[in-house]
1. Send over a whole-number figure in Å² for the accessible area per residue of the chain, probe 1.4 Å.
2. Go ahead and estimate [θ] at 222 nm for the chain from helices alone: -39,500 (n - 2.57) per DSSP H run with n ≥ 4, summed, over the residue count, rounded to 500.
3. For S68 and T21, compute 0.36 nm times the residue count separating them, minus their Cα-Cα distance, and round to one decimal in nm.
4. When only the heavy atoms of the protein chains count and the probe is 1.4 Å, how do D10, D41, D128 rank by accessible area, highest first?
5. Would you check the chain for Lys pairs whose C-alpha atoms are within less than 24 Å, ignoring same-chain pairs closer than 8 in sequence, and give me the count?
6. Between 0 and 90 degrees, rounded to the nearest ten: what's the tilt of helix 177-191 against the longest Cα principal axis of the chain?
7. About the Cα centre of the range 109-164, how large is the charge dipole given +1 on each Lys and Arg Cβ and -1 on each Asp and Glu Cβ? Please answer in debye to the nearest 20.
8. Let me check I've understood the local charge: for L171, count other residues with C-beta under 14 angstrom from its C-beta, Lys and Arg +1, Asp and Glu -1. What total comes out?
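The values are calculated or read from the model by the stated rules, or taken from the named source; none is laboratory data. All values derive from a computational prediction rather than experimental measurement. Positions of Cβ are generated from backbone atoms using ideal geometry, with glycine treated the same way; all protein chains shown enter the neighbour counts. What goes into the accessible areas is simple: the full protein's heavy atoms, side chains included, and nothing from ligands, DNA or RNA. Shrake-Rupley method; radii C 1.70, N 1.55, O 1.52, S 1.80 Å.
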Amino acid sequence: YKELAKITADFVILDLGSGTTYNTIDFFLTSTAGLVVTTPDTTAILNAYSFLKGSMFRLLQRSFPGKSEERALVNTFIQEKVEGEDRDIQMLVDLLRQHNQESGAAAQAALEGFRPRIVMNMGRTAQDIQLGGRLRQVVRSNLKTDMEFLAYLPMDDMASRSPLERSPTLLRYPQIPYSQAVMKCAVRLISEPVPKQPRLFDEDQDLRALADDFDGES
């Protein structure tokens, strides 16, 4: 994913698919303009929350070098949380602050810079928007952060015909509500400022640095 920054382009779009593997999350964290696309059903909303939670913990992991005491503290906290202890992410920031004031401040700054943007796809009724509100409440309560709903894309039978017709929906049916909503979303993406990317450490960056130094001396 480091090579992405070298691409000569105004925008690079990555379709990462679902899942909370580190590979997927690390690609997501390469940009501060990442979008989470979900649908208005309970399972999808829970998956979106799980992805956001995994991304935030991974962000804190990678905010510190691989062999640092801070990274070890984050890893231990995550392991204990997996085993069933009911602890939210702010408690982890507090633990880092107790360990070192500067580390706690760095962790807090990383989380404050994490502002996920959500696209609700395949919407049908106003009830669907309320599901988005529930996701926001859970994120605020458990992850201590906020989120922005960037777009609400309505379900449209014309859009589902695009693969069969082998023609982009926006070109073939530019006036349908779905296409109009996508265009509004695109305008917001290109017009709103993108936050600065925080420094993220690789798993073994410190070890590779030692290897590079060794190669330079030989």
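1. Dividing the accessible area of the chain by its residue count gives 62 Å².
2. Estimated from H runs of four or more residues: -16000 deg cm²/dmol.
3. Working it through step by step, the gained length comes to 14.7 nm.
4. Highest to lowest solvent-accessible surface, that is D10, D41, D128.
5. Pairs that pass both the separation and distance tests number 12.
6. Helix 177-191 sits at roughly 40 degrees to that axis.
7. 160
8. Local net charge: +2.
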